[in-house]
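*Asks:* Quick one: this structure, given as structure tokens, is what I'll be asking you about.
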Amino acid sequence: MKSFFIIRIIIPAILVILLYVVSFSLIFLPMVERGFMDRKKEMIMELTNSTWSVIDEFHREAKRGVLDEEVAKQMAINKVEAIRYGDEAKDYFWITDMTPVMIMHPYRQDLNRQNVSDYADPEGTRLFIEAVKTVKETGEGYIDYWWQWKDDSTRIVPKLSYVRGFEPWGWIIGTGIYLEDVKEEIKVIRSRLIRITVLFMLLVSFIVFYIMRQSLRIENRRLDVEEKLKQSRMKYKKLVDASTESTIMWLNGRLTYYNQPIIDLTGYSRMEMMDISIDKLLEIPGESLDSILTDLEQTRNLEALLITKSGHKIDIVLTVSNIAIDNQHGFIFIIKEVSRHLIRDKSAEMLQEDLRTSLLMMNTSLKSYVRHAAHVDMDQNLQSVARLMMAKQTDLLFVTKGRNEVVGVLHRDQFALQAISGQADPDARVYQFMKSPVIFLDESRLLFEALFLMEQQGIGYLAVRDSRMQISGYVEKNDLLVAQQNASLLLVRKIEKAQLLSQLQSLYDKLPGILSILLSTDSNCRNIAQISTAISDAIEKRVVELCIEMQGEPPGPFSFIALGSNGREEQTLKTDQDNAIIYSDDIPSEGREYFLELATMINTWLHDIGYEFCKGKIMARNPDWCQPLSKWKEYFSQWVSNSDPESILDTSIFFDLRHVYGDAGMVTELRNDIFRHIEANNVFFSNLALSVHRIKAVSFSEKQETVDLKLAMMPVVGFARLYSLKNKINETNTVYRLKGIMNTGKINKDFIREVIKAYEFLMFLRYRRQTTNIIANNNPDNRIKMDSLTNIEKAALKTALTDISELYTQLGLDYERNV
């Protein structure tokens, strides 16, 4: 026993300690030192680049004629001379020209305007000559030398500097770090790690002693457990033998026990039963027995077939349960022969399974259903088109103009009838028959959305765009009809046909159940949001239509728009109304009363259905938010021109506007006008960045009882809004905005991907929290209890909140002066 523990416990422990010490000395410490040095080098490079940008601003002012060039140079010198950084605010920048002549040194002013070509450190390094050489060869780089310690001219220490040339003025800008600082930091780390190592060794010693002390007790327990396992095996065997139903036990991949009824039912002998495989004995119609056993978590009843020795198949009800004996996993199968009866409540179970299957089917993207389509020039004649369709075996062609600019779609049905009847001229041109403009969806959109759009447009196909915004092919309605009975699509259809407020209320109450099933099927959170938004939009559209029927036809074109979370297609089950109305400038002043009355009716109906009134009164019934198009343009012009961090926080949700019903062209025109106003307006973007930075980040702590998920997601919403407006990304949804930002290449793609994952995980938790509360007849909220999360979910939540906090770092880099 002692030798066992010496070999298995003590020696490995000593080896681990030795390995730790060696790794610490030869690998970890050098790695830490390199890491510190790399971070220091990166820091001075970024600081030098920032200072270079300051000089460049003065150069631009001089170039535009705002400043005289010599004045601009002197102002730049004064600005750089005043810059300090570091813990003691004594680190600085210096400037020379390419001669080199010292233009500015804040601590060695005796060198200013002096030729420093021959200036060398105690090691003989002519550091300023090295700086010129580095700039001439690569434009920027690092140089090593000895220099005085900050403002103490009596102390000379090694230093590393980063230099960068400013070509327009022939300057070199440089700053450096003292290597003594790095050594001091490493010394602190080393002492801490040594203390940790000592504690670790003491802990291991204690554990070894404790294990040896407990060894005899453990051995005695092991013998007791073995005896109990033997008794357990006998118990299961007696259970199988005593059962009046046909029973078999499958353990460790083979049949272990069986009883007489199963032998009588199958016709096999006892020896034959021991050699038979389970898949030769049982068959599950439409399912794989292996997959069922792999995923089995609790006892399950199945309709199955028992295969006898003669090959005859008997209808059975199969009950499968997990067992574990002596760390071996297995199953007990209880077999009941059936005639006319089925499992109780089977119809309800099948209904639920059908709904889950349907939702899973529709909760997939268009990408896997895209058909490739050939292109044809718009000036080609029908005769050549017919030959191309026959050669490509396709019914649809994309019509192009010039260099592959898709301007229309030509389907065989659009000219086939006239061609067959002889009415079509074979030399007629494609553009005479094509359908334009092209209606398309992104390939990441859902089957549900595609079917919904095709029904709205009365068409049987849709063009599909890839991630590069290029048309990659098309989808046909017939290919998607297999999922036509999708529960959410049926709900939308019922909403479209509803005639009464009570009907819409009843249909709205079904939404939590549908979302609950989607959540239970591990659906993508973005897909859940799209389905929720589609149902919400359908309710809003139907409410507007019914209110117009009661109010009478509008006096002119208008657009009912969604704002805030609804505008971003991120509406949850606990949300209030954020909406407005834009109407044509051609409508006379008396028409304003019509739209105010219509808006009041719409908002009241939506409230009665379940969408609460907005506490901030950002609703169409508020006269301020029921205005002609010109007034809305004036609003946005004022918000952009006269912005400050406080006011922009109140108006930011208006920049998430999305068309829901009516004339979509008004929203397009307004959005284009917004982009025109914000273009090159750095003050607006700076204030928008500052408003985002002022949102308090939600941190993770094991001690906190709840986490406000809505508040945790707000920095992501604001960040996506800021950078999408800055880059003219015509999206309102936060995830799509982030993907658009990622495609610009201006921010690290991996960073954006992690933010998207974090955001979608928090959205998933919000949906789950709210649907669970509503189904339990509790008030839905955005605060999730920490004790309701698994350990894995807590770890994921911690990671998500950490990733989101990195947004503030990015804001600081891009808008350093403001945040």
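The values are calculated or read from the model by the stated rules, or taken from the named source; none is laboratory data. Keep in mind it's a predicted model, so treat the numbers as computed, not measured. Here the Cβ is made from the backbone with ideal geometry for all residues, glycine too, and neighbour counts use every protein chain on show. Areas reflect the complete protein model, heavy atoms only, side chains present, ligands, DNA and RNA absent. Shrake-Rupley method; radii C 1.70, N 1.55, O 1.52, S 1.80 Å.
*Asks:* Give Lys133/Lys187; Lys63/Lys136; Lys133/Lys159; Lys40/Lys136 a once-over and call out the pairs whose C-alpha atoms are over 26 Å from each other.
*Replies:* Numbers: Lys133/Lys187 35 Å; Lys63/Lys136 24 Å; Lys133/Lys159 18 Å; Lys40/Lys136 24 Å.
With Cα atoms farther than 26 Å apart: Lys133/Lys187.
*Asks:* Figure the gain on full extension for Ile792 and Gln148 (residue separation times 0.36 nm, minus the Cα-Cα span) and round it to one decimal in nm.
*Replies:* Gain on stretching Ile792 to Gln148: 226.5 nm.
*Asks:* A follow-up question, please. Placing +1 at every Lys and Arg Cβ and -1 at every Asp and Glu Cβ, with all other atoms neutral, what dipole size does the chain have around its Cα centre, in debye to the nearest 20?
*Replies:* Once rounded to the nearest 20, the dipole reads 2580 debye.
*Asks:* While we're looking at this one, here's another question. With the crude spin-label approximation of a point 7 Å out along Cα→Cβ, what separation in nm comes out for Glu88 versus Lys785?
*Replies:* Each label point is offset 7 Å from its Cα along the Cβ direction, giving 5.5 nm.
*Asks:* Heavy-atom accessible area of Tyr594 with all protein chains present, probe 1.4 Å, nearest 10 Å²?
*Replies:* 30 Å²
*Asks:* Could you give the length gained by full extension between Arg155 and Leu293, i.e. 0.36 nm per residue of separation minus their alpha carbon distance, to one decimal place?
*Replies:* Length gained between Arg155 and Leu293: 42.1 nm.
*Asks:* Straight-line reach only, C-alpha to C-alpha below 13 angstrom: list the aspartates and glutamates that Lys617 could link to, leaving out same-chain residues fewer than 8 apart.
*Replies:* Asp576, Asp578, Asp650
*Asks:* Using only the alpha carbon atoms of the stretch 65-141, find the Kirkwood hydrodynamic radius as the inverse mean reciprocal pair distance, in angstroms to one decimal.
*Replies:* 13.9 Å is the Kirkwood radius here.
*Asks:* In Å and from the alpha-carbon atoms only, list the Rg and Dmax of the stretch 674-791.
*Replies:* My reading of the Cα-based Rg and Dmax gives 16.7, 51 Å.
*Asks:* May I ask you to give the percent of accessible area on the chain that is carbon plus sulfur, with a probe radius of 1.4 Å?
*Replies:* Numbers: 22140 of 43200 Å².
Using a 1.4 Å probe with all protein chains present, the chain comes out at 51 percent carbon and sulfur.
*Asks:* Same structure, new question: Take the Cβ-Cβ distance between Asn478 and Ala386 as r, set R0 to 22 Å, and report the resulting FRET efficiency rounded to the nearest 0.05.
*Replies:* Working: r = 22 Å, r/R0 = 0.99.
Plugging the Cβ-Cβ distance into 1/(1 + (r/R0)^6) gives 0.50.
*Asks:* Straight-line reach from Lys494: which lysines have a Cα under 26 Å away, not including same-chain ones fewer than 8 places off?
*Replies:* By straight Cα distance, Lys494 reaches Lys477, Lys510, Lys541, Lys574.
*Asks:* Along each of its three principal axes, how wide is the spread of alpha-carbon positions in the stretch 744-819, in whole angstrom units, largest first?
*Replies:* Computed over the Cα atoms, the extents are 48, 26, 23 Å.
*Asks:* Under a point spin-label approximation (7 Å from Cα along Cα-to-Cβ), what is the Thr125-Glu612 distance to one decimal in nm?
*Replies:* For the pair Thr125/Glu612, the computed spacing is 6.6 nm.
*Asks:* What is the distance, in nm, between label points placed 7 Å from the Cα along the Cα-to-Cβ direction at Lys133 and at Arg468?
*Replies:* 4.6 nm
*Asks:* What does the C-alpha gyration tensor say about the overall shape of the stretch 576-636? Classify as rounded when a/c is under 1.5, otherwise prolate if a/b is larger than b/c, or oblate.
*Replies:* Note, shape of the stretch 576-636 comes out oblate.
*Asks:* Counting only C-alpha contacts under 8 Å and six or more residues apart, can you give the relative contact order of the chain as a whole percent?
*Replies:* Value for the chain: 6 percent.
*Asks:* Would you be so kind as to identify which of Phe558, Val544, Ser724 lies farthest towards the positive end of the dipole of the chain, taking Lys and Arg as +1 and Asp and Glu as -1 on Cβ and the Cα centre as origin?
*Replies:* Sorting the options by dipole projection puts first Ser724.
*Asks:* Could I ask something else about it? Sort largest first and round to whole Å: the equivalent ellipsoid semi-axes of the stretch 103-186, each the square root of five times a Cα gyration tensor eigenvalue.
*Replies:* With the √(5λ) rule applied to the stretch 103-186, the semi-axes are 22, 16, 12 Å.
*Asks:* Please find the FRET efficiency linking Glu646 to Gln704, where r is the Cβ-Cβ separation and R0 is fixed at 30 Å, and quote it to the nearest 0.05.
*Replies:* Numbers: r = 29 Å, r/R0 = 0.95.
So, using R0 = 30 Å, E works out to roughly 0.55.
*Asks:* Another question, then. Filter the trypsin sites (Lys or Arg not before Pro) in the stretch 620-720 to those in DSSP coil with at most 13 other Cβ atoms within 10 Å of their Cβ, and list the result.
*Replies:* Qualifying residues, ordered by number: Arg694, Lys696, Lys703.
*Asks:* Under the definition of Cα pairs under 8 Å and six or more residues apart, what whole-number percent is the relative contact order of the stretch 582-681?
*Replies:* 30 percent
*Asks:* Here's a follow-up. With the convex hull built on the Cα atoms of the stretch 1-134, state its orientation-averaged projected area in nm².
*Replies:* 14.0 nm²
*Asks:* For the stretch 588-708, just say rounded, prolate or oblate: build the C-alpha gyration tensor, square-root its eigenvalues into a ≥ b ≥ c, call rounded for a/c under 1.5, and beyond that prolate if a/b exceeds b/c, oblate if not.
*Replies:* It comes out oblate by the Cα gyration axes.
*Asks:* Moving on. Counting only heavy atoms of protein chains, what accessible area per residue, in Å², does the chain have with a probe of 1.4 Å?
*Replies:* Accessible surface, normalised per residue, equals 53 Å².
*Asks:* Can you give the FRET efficiency to the nearest 0.05 for Met37 and Glu69, using r as the Cβ-Cβ distance and R₀ = 51 Å?
*Replies:* Values: r = 39 Å, r/R0 = 0.76.
The formula returns an efficiency of 0.85 here.
*Asks:* Please give me, ordered by residue number, the GluC sites (Glu not before Pro) of the stretch 261-319 that lie in loop per DSSP and have at most 10 other Cβ atoms within 10 Å.
*Replies:* Glu297
*Asks:* For Asn681 and Ile211, calculate 0.36 nm times their separation in residues minus their Cα-Cα distance, and state this gained length in nm to one decimal.
*Replies:* Gain on stretching Asn681 to Ile211: 162.2 nm.
*Asks:* Checking the a/c ratio against 1.5 first, then a/b against b/c, what shape does the Cα gyration tensor give for the chain?
*Replies:* Oblate.
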